[in-house]
Each structure stands twice: as C-alpha cells, then as structure tokens.
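> Below are the structure tokens for one structure; questions will follow.
The values are calculated or read from the model by the stated rules, or taken from the named source; none is laboratory data. Computed from a prediction, not measured in an experiment: that's the story for all the values here. Each accessible area value is taken on the protein alone, full model and side chains, heavy atoms only, with ligands, DNA and RNA left out. Shrake-Rupley method; radii C 1.70, N 1.55, O 1.52, S 1.80 Å.
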Amino acid sequence: MPADPTAPEGAAEAPVAALSDEEIFASHQGGKLSISSTVPLASKRDLSIAYTPGVAQVSRAIAANPELAKTLTWAQRLVVVVSDGTAVLGLGNIGASASLPVMEGKSALFKAFGDLDSIPLVLNTTDVDEIVETLVRLRPSFGAVNLEDVSAPRCFELEEKLIDALDCPVMHDDQHGTAVVVLAALTGAAKVTSRELTGLRVVVSGAGAAGIAVAEILLTAGIDDVVLLDSRGVINRDRADIAADPASKKAQLAARSNPRGVAGGPGEALLGADVFIGVSSSRLDEEHLKLMNHSAIVFALSNPDPEVLPEVASKYAAVVATGRSDFPNQINNVLAFPGIFRGALDAGARRITPAMKLAAARAIADLAEDDLSADYIVPSPLDPRVAPAVSAAVAAAVVEAE
C-alpha cells in the first residue's frame, strides 16, 4: 500500500505541493501500466513449463473443466476498466483515446490498493448494445467490470444490461463508489454533529450518475427525507417533465424521495436542511447556506471547483467535505472501489448488491470512528487499513446472503 506505515492512524496529511506540467507529462510517458511475468523464464525448463509444451496440459484441463480457468489463469482476478470517453472527469465527452490515461490510472489504483490486476478497455462506440456485445464476447478474459466515465443517462442502461448479460461483478464506480463513500462520510458527520443518520434532512444537488446513486444509497440506508435537485429545480412526482416520463430514473426516484413534497429551487430545498451534497457543476449561493439548520453538513464534491469553497461553507456548516486532496475530508472513491471488487471476487460473487455497498460504507465509517472530528470524518485514501476492511465486509455480506 502506498502509505507511510509509521504515520499514526487518522493523522492529517500534508497538502499536495503544486504540480508542474513537466512532472505530470514525464510520469505519463509510455503509459502508467506494464505486464510482468509471475513465473521465471530464465531457462529452457522454465519455457517448457510456462509455455510449450507444458501449457498444453493446462489448456486441455480447462477445456475438460472450464471452472479451472478461475485458478489456472488470471481472469478471475482481472478487473477491466471500461469507458467510452463520454464523461471523463470534468472534461466531458473527449473520446476513447483521450480517456485512456484516466483508465490507466484507475487500473493502477486497483493494483496498489486492492492487489487486483486490471487493464483499461476504451471503446470507440457510444452505442450501449455494442458495448454490451463487446464485453460479452470478451467475458472469458476477465473476472469483473468497472464502468468508468460513461455519460448519463446511458450509464444506467449500460450497467443494467451488463449486469443481466454477464455472470460476474459489474459496477459503475462514478455512481456507486461515490455513493458508498458519501454514506460513510455522512455517517461520521452525523456523529460529529450529534445527529441520528436516519433523521437527517438531505439535499442532493445533481441528478446525473453520482447524484442518483447517492440518493438511492441514502434511501436504502434508511434516510427518508432526501430531496434531489437537477438543473430545473427540485425533483418531485408532480413536475411536468417527471410525470411525462414515468420510466426514467428521475421519475423512479421521485416516487421514493421528497416525502414533504418540496417544490421550487435550491432555496426551497435547503430551507431547514441538515445536509447539502453537491455532485454537479452548479454553484451554491451563500445566501442559501443561511437557510440550512444550525451545525449543517456540506459536501461540495465537484472537481476541481467545489459548489462552494470550504472557507465560505465553514461560516455556516459544522462539517465541510470536498472531493479534493488539498482540503480536509476528501470524499475519494479509492476508499471504496478496490475493496468492493476485491471482496466480491474473493467471495465468488456474481453481482454487487445493495447489501454489499452498505457493508462497504459501514466498514469505511468504522475506521474513522475512534478519531472522529469535524476535519476527519473518513479515513485517508492512503490509509492501509481501508481496502482490507472493505473487502472483508463485502465478502461477509456475500456469505450472509447465501
């Protein structure tokens, strides 16, 4: 794990020094990934075992019993990071090739934090059915699919179709990794502000991939009063565009959320709210912060520019979090996805379920509990305890469900 083993658990990290273009581009020369052999290849005997003629015996065995591929190849431990380049970071639809450096980085994180092999697959198509067909044909080569940077609402359809088509774990990390870490952080923030998690009034700004997933996991965790905002205002079942498309994700959420029937915009949504969670590019007006309850919780997670700067949010909020490493309380997906996939693969799970996501969030929150403060509601992304704790919790949830 890339962490200082001598640093005390829960210790604050030094801010990241300014980065130069020279440093960044030098580190990406030739890409960030390589393949290395796990067996010696220094003699003819080594070659005969690893390749021909010895390898033929292994291939015959797998042909006779395909289950042996899980132990005699790397496929069962290989995560493919799949993107069509349509929603990359804050850059938008930049295409498959331009997305590859991001996907290489994601694969490197899988290895560093989850000890899982991973390769990026960027596809020159945005057609959902073509992507599904491609991955179905490649299925013998991998053990799990991490969807990354696919635009909404296509990402919802793509994930659902892949889950149906493949007999292995599939997760869109922009949705569910974000949601898991937000729930973990909110668990800590509720304790810091002496609130019950399930009694919180929460406003989620942004109804794309992350916003919808965050709202769904909060509802699953028992938080009933969740109000979702999109570019047109509060999502409720009476809004004309929502009522006109009852099959949409927004309509499905409208039926489960907003129990007080709030209508209007950010001002109406934030009046008396305990929590603001921003996962959109919109800005949060300081005047709206004044409408929130005392000791509010503000998660301004847009990158690189938060919906509201921490120094402004801190005037009104007791706990402030962002997605950036240069502010306290970084809400970072790397706390979740390596352990979730590792636990799912360790347990032989065919699906990543809501129960597994809740278990991951609890495991992350538990690691911060002994050192909780307004500036420490989740562990550091570099905390070496995180991935093992998450993977163990996820694997246990799989066993419990069987």
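> By accessible area of protein heavy atoms, probe 1.4 Å, what ranking do 86, 134, 126 get, highest first?
Working: 86 15, 134 45, 126 75 Å².
Result of the area sort, largest leading: 126, 134, 86.
> Based on alpha-carbon centroids, what's the gap between segment 372-402 and segment 32-58 in Å, whole number please?
That distance is 36 Å.
> While we're here: Just to be sure I follow the rule: in the chain, considering lysines 8 or more places apart or on different chains, how many pairs have Cα atoms under 18 Å apart? The partial results should precede the final answer.
Working: 32/106; 32/111; 161/249; 290/315.
Eligible lysine pairs with Cα atoms under 18 Å apart amount to 4.
> On to the next question. Give me the percent relative contact order of the chain, please, defined on Cα pairs under 8 angstrom at least 6 residues apart.
15
> Right, another one. Over segment 227-374, what relative contact order in percent results from Cα pairs under 8 Å that are six or more residues apart?
RCO, segment 227-374: 13 percent.
> With each run of n ≥ 4 DSSP H residues scored as -39500 (n - 2.57), what mean residue ellipticity at 222 nm is computed for the chain after dividing by its residue count and rounding to the nearest 500 deg cm²/dmol?
Computed mean residue ellipticity for the chain: -12000 deg cm²/dmol.
> Taking only complete DSSP H runs, can you tell me which helices of the chain stretch 20 Å or more along their own long axis by Cα positions and average at least 0.5 on the Kyte-Doolittle scale?
Length and hydropathy pass: 96-114, 173-192, 354-368, 386-401.
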